[in-house]
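Visitor: A single structure is presented below for examination.
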Amino acid sequence: YNSRGGAYIDLGQYERAIEDYDEVIRLDPKDAYAYNNRGLAYRLLGQYERAIEDLNEAIRLDPQYVYAYNNRGLAYGNLGQYERAIEDYDEAIRLDPKDAYAYNNRGLAYRNLGQQELADRDFAKAEELGYNP
């Protein structure tokens, strides 16, 4: 179910992905990966609050889950809550200082807050780490 859910996400079939992740969670309610990916699918559907609920659970189950922090940051950003998004990107970077994706996303959040100097610094760091938009 996890693999098929990922394939559905890649195909843009988010509702079908959610169904598969629902089944994973039914079978194993402690699967942080499934909560993260179901949260991603909800975010891609524009259901940001539901996404955040799942991402909170993924982080509760695995506090070191860098992708869950990145995904929750994106959901907060989608809601215009850029300060909260930055907190999540900060944590992702603390857990993995070479996470170019987190630097880029934090740069976007800073730019949305009008803090261009901080944004440019993060974009440069993301590029240094190999991020290519």
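No lab work stands behind these numbers, since they all come straight from the coordinates. No experiment lies behind these values; they were computed from the predicted model shown. When we count neighbours, we look across all protein chains shown, and the Cβ atoms used for this are built from the backbone with ideal geometry, even at glycine.
Visitor: Could you state the orientation-averaged shadow area of the convex hull built on the Cα atoms of the stretch 67-133, in nm² to one decimal?
Guide: 3.8 nm²
Visitor: Can I ask one more? Pick from N105, N78, N56: which residue has the top mean-square fluctuation in a GNM of the chain where Cα pairs under 10 Å get a spring?
Guide: N78
Visitor: Still on this structure, please answer the following. With a cut-off of 8 Å between alpha carbons and a minimum separation of six or more residues, what is the relative contact order of the stretch 16-133 in percent?
Guide: 16 percent.
Visitor: At most 12 other Cβ atoms within 10 Å plus a DSSP loop assignment makes a site exposed; report the longest stretch of the chain without any exposed trypsin sites (Lys or Arg not before Pro).
Guide: Between the exposed loop sites, the longest stretch runs 31-97.
Visitor: With just the Cα atoms defining each centre, how far is the stretch 70-133 from the stretch 3-57? Give it in Å.
Guide: 22 Å
Visitor: Between L45 and L113, what FRET efficiency comes out of the Förster formula 1/(1 + (r/R0)^6) with R0 = 41 Å and r the beta carbon distance, rounded to 0.05?
Guide: 0.95
Visitor: Under 14 Å from a point placed 7 Å out from the Cα of R94 along the Cα-to-Cβ direction: which residues of the stretch 39-75 have their backbone N that close?
Guide: So the set is 63-66, 69-70.
Visitor: Over the Cα atoms of the stretch 7-52, each weighted equally, I'd like the Debye log10 I(q)/I(0) at q = 0.25, 0.31 Å⁻¹, rounded to two decimals.
Guide: For the requested q values the scattering log ratios are -0.83, -1.12.
Visitor: So how far apart, in nm, are the two label points at N2 and L129 if each is 7 Å from Cα heading toward Cβ?
Guide: The modelled label-to-label distance comes out at 2.4 nm.
Visitor: For the chain, what is the charge dipole size about the Cα centre, in debye to the nearest 20, if Lys and Arg each add +1 at the Cβ and Asp and Glu each add -1 at the Cβ?
Guide: Values: 16 positive and 25 negative charges, 18 e Å.
Around 80 debye, computed over the chain.
Visitor: Which of these values of Rg/Rh (Cα atoms, Kirkwood Rh) was calculated from the structure shown: (i) 1.02; (ii) 1.37; (iii) 1.00?
Guide: Calculated Rg/Rh (Cα atoms, Kirkwood Rh): the matching label is (iii).
Visitor: Which net charge results for the neighbourhood of L11, defined as the other residues with beta-carbon distances under 13 angstrom from its beta-carbon, given Lys and Arg at +1 and Asp and Glu at -1?
Guide: -1
Visitor: Rank I86, F123, A68 by how far each Cα sits towards the positive end of the charge dipole of the stretch 65-133 (+1 on Lys, Arg Cβ; -1 on Asp, Glu Cβ) and give me just the farthest.
Guide: About the Cα centre, the residue reaching furthest to the positive side is A68.
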